[in-house]
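Encoded as C-alpha cells, the structure appears first; notes follow it.
Bear in mind that the values in this text are calculations on the coordinates, not laboratory data. The structure displayed is predicted, hence computed values, not measured ones. Here Cβ is always computed from backbone atoms with ideal geometry, including for glycine, and neighbour counts include all displayed protein chains.
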There are 4 protein chains.
Amino acid sequence: MTVNVGVIGAGMIGADHIRRLTTVVSGARVRAVTDIDAGRAAAVAGSVGARALPGDAEVIGAGDVDAVLVASWGAAHAESVLAAIEAGKPVFCEKPLATTAEDCLRIADAEQRHGARLVQVGFMRRYDPGYREMKRIIDAGDIGTPLMVHCAHRNATVPESYHSAMAAHDTAIHEIDVVRWLLSDEIVSAQVLTPRRTAHRFEHLQDPQIMLFETADGARVDVEVFVNCRYGYDIQCEAVGETGTVRLPDPAAPAVRTAGRSATSVLQDWKDRFAEAYDVEIQEWVDSVAAGAPAGPSAWDGYAAAMISDATVEALHSGRIVGTGIKARPDFYA
Amino acid sequence: MTVNVGVIGAGMIGADHIRRLTTVVSGARVRAVTDIDAGRAAAVAGSVGARALPGDAEVIGAGDVDAVLVASWGAAHAESVLAAIEAGKPVFCEKPLATTAEDCLRIADAEQRHGARLVQVGFMRRYDPGYREMKRIIDAGDIGTPLMVHCAHRNATVPESYHSAMAAHDTAIHEIDVVRWLLSDEIVSAQVLTPRRTAHRFEHLQDPQIMLFETADGARVDVEVFVNCRYGYDIQCEAVGETGTVRLPDPAAPAVRTAGRSATSVLQDWKDRFAEAYDVEIQEWVDSVAAGAPAGPSAWDGYAAAMISDATVEALHSGRIVGTGIKARPDFYA
Amino acid sequence: MTVNVGVIGAGMIGADHIRRLTTVVSGARVRAVTDIDAGRAAAVAGSVGARALPGDAEVIGAGDVDAVLVASWGAAHAESVLAAIEAGKPVFCEKPLATTAEDCLRIADAEQRHGARLVQVGFMRRYDPGYREMKRIIDAGDIGTPLMVHCAHRNATVPESYHSAMAAHDTAIHEIDVVRWLLSDEIVSAQVLTPRRTAHRFEHLQDPQIMLFETADGARVDVEVFVNCRYGYDIQCEAVGETGTVRLPDPAAPAVRTAGRSATSVLQDWKDRFAEAYDVEIQEWVDSVAAGAPAGPSAWDGYAAAMISDATVEALHSGRIVGTGIKARPDFYA
Amino acid sequence: MTVNVGVIGAGMIGADHIRRLTTVVSGARVRAVTDIDAGRAAAVAGSVGARALPGDAEVIGAGDVDAVLVASWGAAHAESVLAAIEAGKPVFCEKPLATTAEDCLRIADAEQRHGARLVQVGFMRRYDPGYREMKRIIDAGDIGTPLMVHCAHRNATVPESYHSAMAAHDTAIHEIDVVRWLLSDEIVSAQVLTPRRTAHRFEHLQDPQIMLFETADGARVDVEVFVNCRYGYDIQCEAVGETGTVRLPDPAAPAVRTAGRSATSVLQDWKDRFAEAYDVEIQEWVDSVAAGAPAGPSAWDGYAAAMISDATVEALHSGRIVGTGIKARPDFYA
C-alpha cells in the first residue's frame, strides 16, 4: 500500500522531506504541495510529479491525500495540524509542534477527542542509531538506574537572526526531547548558567549557555549549548547510571595520519549528522501510517518540550530555577 | 520513472534484495521472481505483489521487466547474465559474476558486442561510507601515492561446508575488489601464507590465511582472512601512502563503562556491517538504470576479481607466488 | 647535590613518598621519619636506612635534614608547615595544606614574612602528562579563550567514613586546583546540584554531586563527583574555548577484542592513575629545592582551594550560590 | 645499596643513560666514563661527578665499578662485553649485542662458562607499559593461542647514511625481539617484500619493506618498516589469537577539536615514545644487579635477534625465504 502525502511548506526542510518521500522512502508518494510562495510550491511539486495547491485546506481536503506533512513556518504549524486532526488524517509536524504550549495542548486535546493518535512530531534524534543503541543499553539496565546526563550541542555558527531564546526553543529542544525519551522520565525544572560570551557572536546573543534540568525521578541533566563554536557541528551525550556510563558515539570517520597529527573530520552541518535519522524517521512514519497510526513522538511530547523550553527561556532571563509546570500526562499518551 | 525489476533467485540474498527493492529503495518495483524452488518463488513474489515465473527466460523476457537482478546459486550466474545481455536488459549480478574467469570474460565480450554497459556486479563495499571516504581521501592526495594496504577480514565462524579455497573466492574477494578500486590499480600476483591453524575450525580448513598481493604500480597488499575468529565480524583496512595513512573506521557504537571495562560492541553479522552499503548500492543501481546504464562495478571488475581469486587459490595450494594473468583492460571498461 | 629529607607522617601516603624518594627519585635521601605511631616510624625509617625521631621538632630541627615532607593527618599539617617555615626549611605538604582556610592564610603570611617561597602543596595533577599537555594547548591559544570546563571525578567506591563534605574537601579539591591552573583564573562562586542518590552508598552520603563554579573571568566549570560509581576510577576533563576544545586523554591501554566486545581496562585505583604524576611531582620538588626554592603549587593555591571547597560545602548544605571570598592575591604569589 | 656503574661510550645514547642513571634512576651512581673522544668523556663525566678514564680496560677494571654499561659504536660492543664477563662484572649492552651473530655466540659461550648471567641487552620495548600489558593479556590466555602478529615501525625520516640492511639490523630488530618475547616463541624463517619505493628517500634505500616471519610454533608475523613515512614516529602491534585480538595502544594524548578536525599529536621522536621504557629498563637493570644478576633480555636474545636480522637481510637481497638457523637454546637461557 502506498501512503499518499500532502505537504504543507516547501522551504528547505519541506523540500528535503519531499525529496526523501520520493527518492529515499519506500511506500509513499507526494501528491500535493502548498506553500505561501505559490511559485516555490509549483516548482517543488512539479519536480516530483505532484500538484501545487493554493492552501492548507485544499491539501488536507484532497481526496488523494492520505496523510499530511507540515514543514511550514513554526507559527503556522498549529492551525495546519488542527485542521488535519479535524479531517481525521495522520499528520507529521516538524518541530516545534506549535509556538506556544497552549497551542500544543489544544492539539493534544483535539487528538484525544478524535480518539486515536494522528499526530507525530519531528524529533528525529530518537531515530539516530547511536541514540537508539544508548536507549537499548539504558533500558536493558546495563548502566543501572540513570542519575545524570551530560550533553553538548555545538554549532559552528548561526546567522544574525538567531537570538538567545532560540538556544532553548530551537537548539536544546532536541536534547530536551531525547533525554525525556532516554530516561523515560519528565523534566520538572530548569536553570540556565551564562558563561562569558564568545567573541565570535552577534552582540545580542548569550552564547554559550549551560542549561540544567531536574527530572521527576531526581536525575540531573546538563546541556551545553554553544552555537558559535567555530570548529563544527558536534553533539555529545553521556548518561551516568548507578553502575556504569554510556556515551553517544561520534560519527564514524576514517582516521588520517599526516604531518604530525592523527585526525578525523568533524561534521559541519546538522543535516549530515542526522541524515540517516531523518530517513528512518520518515520511513517509520510512513510505515506506521500504513499500519494504522503514527507511533513516534506524540503531541504530548511536543507539549512537554514546549513547556520545558519556555521554562528554560524564563530561567535564562530571570536567573532563577523555574518549574516546568507540565500537566499530568493523560492515559491516552501513556 | 519506476524501474521494474525481475529477480532470479529467491534464497536468502535474493529475498533480501526483493525486500530492499520494495521497502527501502525508491523508484523500483519487483514485478517477477523465479527460483529453482517454485514454492519459494511463489511465496516471496506473493509477499510483494509480484508474480512467480517458471524460469530465467520468462523473467528476462517479460514485457514489464526493465532490468534483472541475479541472486541465484553462483554456478548459474553466467547463463542468466548472458541471457539478460542477449535481451538487452540491464542486469545486476551478485558476486561472483561467474564461477570461472572464462565465463566472466564471455560476459564481458557479450557486453562489448552489445556496445554499452548493461552489467553491474555486487561488490557492495564500494558503497560503504567508510570506504568511500577513504577513497575520497586517497584520490585527493591527502596521504600521497599509496604504497601499501593492510587488510583483515574476520568472521566469527563459518559452517562446515566452507573450505579453504572459499577464503579467496568468497571472503577475500571483497578486499580484492575494494583494494583495486581504492588504488585505481590492478593486482598482478598473489602469494598465500598459512599460519598455524586455529583449533576452532573444521579439520579440512586452512584458517587463518594471509594473502599477499602486488599491484601493477608496485603497491603491496596484505589481507588476513580469519573466518573462525570467534569474537565477531571485523573488517580492517589501512592504506599507507608516501606522506600519510588512512584507516577504515570501525562502526560507530556507544561506549559503555561498567565493571572495570570501557567497551563497545563488535558486530556479529556481515549483513549488519554492510547494511547501509547494500541499500546505497541497490538505490544507485536503480537510479543509474533509470538514467540509462549501470555505473558501478563492471563485468571487467568481476573478471579481474575471478582471475585474482583463482591465482590466490593456486598460490595457496602450490605455496608459490602466482601471476594473475589478467588481460589488458579494453577501452570499453576504462 | 643530594637533598636530605625529613618526613612527618609514615602512613600509607607518607610511606609511599618515602619509597618514592628512595627508589624512584634521584638526588634525594630520606634521613629522618616521625609518626604518631612510633613503631610505624621505626619500621618505615629502618627500611630505607633513615632514623626514627620522636616528633616534628626533632625532624625539622635535625642538622642533616634539608627539607621536610608532611604527610600526616590533615589536622596536623598546619603546625608542621609553620614550624618548617620558622626553621627556614623548604616543606612539601600533602593536600590539604590545612583544614581551615584561616590556617592556610597563617601559613601564607608566615611564608611572606620569611621573604621567599618555602612551601609546596601536593596537588599532583599539575604533573600529570595529560593535564600538562592540555595546559600547553590552552596557553598556546589553540582553543581560543576558555569559556567552560566540564569535569568528572569518579571513584569505584569509598569507605563508610567518607561523608558528603569530603566530596569537595577531599575529592573535587583536585579539580578545583587543576582548573584554576589550567585557566590561570580564580574561582569566585560555587553551587551544588544534588542528583538522585545512588543506591550503592552509605545512607548519610549525598552521592553523586554536581558542583558548578564561576571564575573571575566568567568561565563556567562543572564537576561531577561520583564516588560510588562502581566501575572504576575515572577522571574526565574537557575545556571548551572560543575556537575549539581539548579533552584529557584516558590512560593508554591495549584494546582487547573478544566475545563480541572491544574493550580496554578502566583503572580501579587513583594511585595507578596518577603514579607518574606523583613521581614527577616529587622529582621536580627535589630538583627545585636543590636549585633554591620550590616552584610548584604554592601556599596561596592551598589557601584558595580551601576557600573554594569551604564555599562548595556551604553551597551543598544551603542549596544556594556561595561566593568564595578569596582575598586579593599578594604580589608575592604572582 | 648503590650500584656503581662504569660507562663505555659517551655519545648521544651513552650520555642519555648517564643522565638517566644520575637523575632518574635511584640506587645507581656513575663512577667512570670512557669514550674514543677523550674530551667528550671528560665533559660528560665531569657533569655528573664521575671521572674520565682512557679505555675499556680501565673502566671495567676500576675497583669502584660494580657494573658496566656499554653504549659505544656497535662494532666495539663485543669486545667490551667479553672483557666485562672476563672480569665477572654485570654488563648492560645497548643493542646490538654484537655486529655478527658469531660474536653474540662467543659472548653467550663466555657467559655460560662464567656460570651465571652477567649480560643484559638493551631491548627496551619489553619495558614499555603497553607491550607489558599486551604480554600479560596474552600470557593470561585472554586471546587464546596467538596465530599472527601484525606490526608497523614507522619513522618520520632517516639520514642519508641509513641503508637498506639497517631496516632489519637497526629498525625491525626491536619488533624481532619483542615478538619473540610476546609469543614466547622463536622465529625460524624470514621473507621480505619490497613495495614501490617512496619518493621521499635517498636513492640507495629500499623503503618501505614488509618483513614476514614464521615462528617455530607456526605463528606468522608481518612487520612493515617504513622509515621515511613523513608524518611521525608510529609503532603499531596487533596480536591475533584463536579467540581474540589485542592491540598496542597509541600514546595517550589530548584530543583537540578545531577547524573541522578532531586531532591528536603523533610523536616525532622515538626517544619520546619509549622514554618511560628506557627509564624502567635501566631502573630494573640496576635493581636486578643489586639483587645479584640481570634478569632482562639475555645474550641469547641478542644472538637470536642477530641471526634473525641477518636472515632478513639475506631475504631482502635474495628475494627468497631464508631460514634463521638459530641453534637450540641452551638450558642456561631457559
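Output the relative contact order of segment C:129-268, whole-number percent, from Cα pairs under 8 angstrom with separation of 6+ residues.
Values: 261 pairs, mean separation 48.7, N = 140.
Once normalised by length, the contact order is 35 percent.
Where along chain D is the Cβ that lies nearest the axis linking it to chain A, and how many Å separate them?
Here the value is D:Ala263, 2.
Once the mean 1/r over all distinct Cα pairs of chain A is inverted, what Kirkwood radius in angstroms do you read off?
Details: mean 1/r = 0.0482 Å⁻¹.
Hydrodynamic radius (Kirkwood, Cα only) of chain A equals 20.8 Å.
What is the Cα centroid distance between segment C:5-68 and segment D:11-65, reported in whole angstrom?
The two parts, judged by their Cα centres, are 31 Å apart.
What does DSSP give for chain A in terms of the percent of beta bridges that are antiparallel, rounded to the nearest 5?
On the way: 28 of 53 bridges.
Percent antiparallel among DSSP bridges in chain A is about 55.
Treating the point 7 Å from Cα along Cα-beta-carbon as the label, what are the nm separations from C:Ser47 to the other copies, to one decimal?
C:Ser47 label point versus its equivalents elsewhere: 3.5, 7.0, 7.6 nm.
For segment A:3-121, just run the numbers: alpha carbon Rg, then divide by 2.2 N^0.38 Å, N being how many residues it has.
0.98
Take the alpha-carbon centre of segment B:241-309, take the same for segment A:260-314, and report the distance between them in whole Å.
25 Å
What is the helix-to-structure angle for A:299-318, meaning the angle in degrees between its Cα long axis and the longest Cα principal axis of chain A, kept from 0 to 90 and rounded to the nearest 10?
The angle comes out near 40 degrees.
Please report, for A:Gln268, the nm distances (one decimal) from its label point, 7 Å out from Cα along the beta-carbon direction, to the equivalent points in the remaining copies, shortest first.
So the distances to the same position in the other copies read 2.9, 4.2, 4.9 nm.
Relative to the longest principal Cα axis of chain C, at what angle does helix C:129-139 sit, 0 to 90 degrees, rounded to 10?
With rounding to tens, the tilt is 70 degrees.
C:Ala116 label points, 7 Å along Cα→Cβ, one per copy: pairwise distances from this copy to the rest in nm, shortest first?
In ascending order, 4.8, 8.9, 9.1 nm.
So what's the angle, to the nearest 10 degrees on a 0 to 90 scale, between helix A:275-291 and the longest Cα principal axis of chain A?
With both axes taken from Cα atoms, the answer is about 40 degrees.
With springs only between Cα atoms under 10 Å apart, run a GNM on chain A and tell me which of A:Ala78, A:Ala152, A:Ala216 wobbles the most.
A:Ala216
For the protein assembly as shown, what is the percent of antiparallel DSSP beta bridges, rounded to the nearest 5? Numbers along the way, then the final one.
Values: 138 of 238 bridges.
Taking every DSSP beta bridge within the protein assembly as shown, about 60 percent pair in antiparallel fashion.
For segment D:75-111 and segment B:193-233, what is the centre-to-centre distance using only Cα atoms, to the nearest Å?
Taking the Cα centre of segment B:193-233 as reference, the centre of segment D:75-111 is 40 Å away.
Work out, step by step, the length gained on full extension between D:Asp142 and D:Ala252: first 0.36 nm times the residue separation, then minus their alpha carbon distance; give nm to one decimal.
Working: separation 110, 0.36 × 110 = 39.60 nm, distance 2.34 nm.
37.3 nm is the gain from fully extending D:Asp142 to D:Ala252.
For segment A:186-334, what class follows from the C-alpha gyration tensor (a ≥ b ≥ c being the square roots of its eigenvalues): rounded when a/c is under 1.5, otherwise prolate if a/b is larger than b/c, else oblate?
oblate
With runs of 4+ DSSP H residues as the only contributors, calculate the mean residue ellipticity of chain C at 222 nm using -39,500 (n - 2.57) per run, divided by the residue total and rounded to the nearest 500.
Using -39500 (n - 2.57) per qualifying helix, the result is -10500 deg cm²/dmol.
Nearest 0.05, what FRET efficiency do A:Asp37 and A:Ala87 give at R0 = 22 Å with Cβ-Cβ as r? Let's see the in-between values first.
Numbers: r = 24 Å, r/R0 = 1.09.
Rounded to the nearest 0.05, the efficiency is 0.40.
State, to one decimal in nm, how far the label point of B:Gln268 lies from the label point of B:Ala334, with both points 7 Å from Cα in the Cβ direction.
5.0 nm
Counting alpha carbon pairs within less than 8 Å and at least 6 residues apart, what relative contact order, in whole percent, applies to chain C?
This gives 20 percent for chain C.
Using only alpha carbon pairs under 8 Å that are at least six residues apart, calculate the relative contact order of segment D:283-334 and give it in whole percent.
Values: 22 pairs, mean separation 15.0, N = 52.
Worked out over segment D:283-334, it gives 29 percent.
Answer rounded, prolate or oblate for segment C:129-268, using the Cα gyration tensor with square roots of eigenvalues a ≥ b ≥ c: rounded when a/c is under 1.5, else prolate when a/b is larger than b/c, else oblate.
Verdict is oblate for segment C:129-268.
For the protein assembly as shown, treating each Cα as an identical point scatterer without solvent, what Debye log10 I(q)/I(0) comes out at q = 0.09 1/Å?
Calculated log10 I(q)/I(0) at the listed q: -1.30.
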